[in-house]
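The values are calculated or read from the model by the stated rules, or taken from the named source; none is laboratory data. Predicted model, so just to flag it, every value in this text is computed and none were measured. Positions of Cβ are generated from backbone atoms using ideal geometry, with glycine treated the same way; all protein chains shown enter the neighbour counts. We work out accessible area using only protein heavy atoms, side chains counted, and drop any ligands, DNA or RNA first. Shrake-Rupley method; radii C 1.70, N 1.55, O 1.52, S 1.80 Å.
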2 protein chains.
Amino acid sequence: MARNAETTGTSSTAVGRLSPAKVEQKIAEFHGRLKERGFKSTGQRDDIAAVFFELGRHVSAEELYDEVRKRNPHVGYATIYRTLKLLKECDLLYERHFDDAQARYEAAGEQHHDHFICERCGRIIEFKNDELERLQQVVARELGVALLRHKVELYGLCSDCRKSARN
Amino acid sequence: MARNAETTGTSSTAVGRLSPAKVEQKIAEFHGRLKERGFKSTGQRDDIAAVFFELGRHVSAEELYDEVRKRNPHVGYATIYRTLKLLKECDLLYERHFDDAQARYEAAGEQHHDHFICERCGRIIEFKNDELERLQQVVARELGVALLRHKVELYGLCSDCRKSARN
DNA sequence: TTCCCTGCAAAAGTTTTGCACTACT
DNA sequence: AGTAGTGCAAAACTTTTGCAGGGAA
């Protein structure tokens, strides 16, 4: 059989804003999960969640705060952080710690993926490679450890920045 | 031929204290590189570097500060951070950002490696897997990006913690 | 002797918390 | 009505910086 490791392929996903309908759906999901867990839905939580899902992925708390305040200038940082924590508990977002000091938050999608981060322009590309996933299990087995989660981050220059670097 | 990807194998390295002779050697190297770069050698820098290399890898600034002050109670946090930055500029240490808020510092070794971090006891195991390295280059090529550096971190339970978790 | 280095304290940047008040359910 | 949520400000935590005094070359 000719299939080798390379055939596994790497897929990259586009990140971007969700359609208004999708945002509505996410908010509805948030409501449900809050209720399940005994928390309340509030106007602020809805505003924050809506802005978060509209913006797309990899926002910092600061960016989110600025955007939310355009819509609702009363919201404080504390509520932003508390709501981000709630969204995390509801499995609707992941918290990422790339090399910056500040955390970035990403809407939880269906499937696991890893990240490439451009060191020049900050662009983040998500990708998935099955062979890479499998190898990490192999490594874990060889180390005798139980793998709960993992993080693969590639840093470098994205294709656009490579071009401008050549000038 | 029976050699397949698996044969690449995973090697894990033991991290630990350096012998006094090795520490001396590292300090001498530090002196040389400071001079090359137009910096001075001082008692504090020597103390900090000595304690850093004696302790072994993956220390936080706080741990280093506490240990250094056992030897020299006069040293301030600022000098710890400034000296860590110098050691980094001298290519004698790497700064790592695992999931904690605080950075951890590791003596620069000869070869690149990745990390497994035990989420229960905090133990850090270094490992190297050539196939994993190669695959990352493949992914970078498929994404059309230039790879400058990368980070692979596995999180889970180390063998000891797996055992005690079974009780 | 000349700067660089050091320690202290204060600042900076991100995230959390205490408290009185507000508003969901 | 009752309890959880909110905003503000202050605290917490890690790391950096300004400045006056001290020490290496």
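Worth a mention:
- Test: A:L147 is within 15 Å of B:N129 (Cβ to Cβ) and buried (at least 20 other Cβ atoms within 10 Å of the Cβ): no
- Only one of the numbered conditions (1) assigned to a loop (DSSP other than H, G, I, E, B); (2) closer than 18 Å to B:D99 by Cα is violated by A:H74, and that is (2).
- Of all residues in the range A:18-53 being away from DNA strand C (no atom under 16 Å from the Cβ) and open to solvent by 60 Å² or more (accessible area, probe 1.4 Å), the one that is farthest from the other protein chains (Cβ to nearest Cβ): A:E24
- For B:R96: the one exception among (1) open to solvent by less than 10 Å² (accessible area, probe 1.4 Å); (2) within 26 Å of A:E119 (Cα to Cα); (3) within 11 Å of chain A (Cβ to nearest Cβ): (1)
- For the range B:112-166, the set of residues classified as touching a residue at least 24 places away in the same chain (Cβ under 8 Å), within 7 Å of chain A (Cβ to nearest Cβ) and within 16 Å of the chain's Cα centre (by Cα) consists of B:F116, B:I125, B:F127, B:K151, B:V152, B:E153, B:L154, listed by residue number.
- Contacts under 6 angstrom Cβ, first residue in the range A:81-107 being within 12 Å of DNA strand D (Cβ to nearest atom), partner β-branched (V, I, T) and in a helix (DSSP H, G or I), 6 or more apart: A:T83/A:I48
- Within the range A:54-71, restricting attention to residues that are farther than 17 Å from A:Q102 by Cβ and open to solvent by less than 80 Å² (accessible area, probe 1.4 Å), the residue that is farthest from DNA strand D (Cβ to nearest atom) is A:G56.
- Scanning the range A:105-132 for residues that are in contact with a helix residue (DSSP H, G or I) (Cβ under 9 Å, 6 or more places away or on another chain) and either open to solvent by less than 40 Å² (accessible area, probe 1.4 Å) or closer than 20 Å to B:D130 by Cβ (or both) gives A:Y105, A:A107, A:A108, A:D114, A:F116, A:C118, A:I125, A:F127, A:N129, A:D130, A:E131, A:L132.
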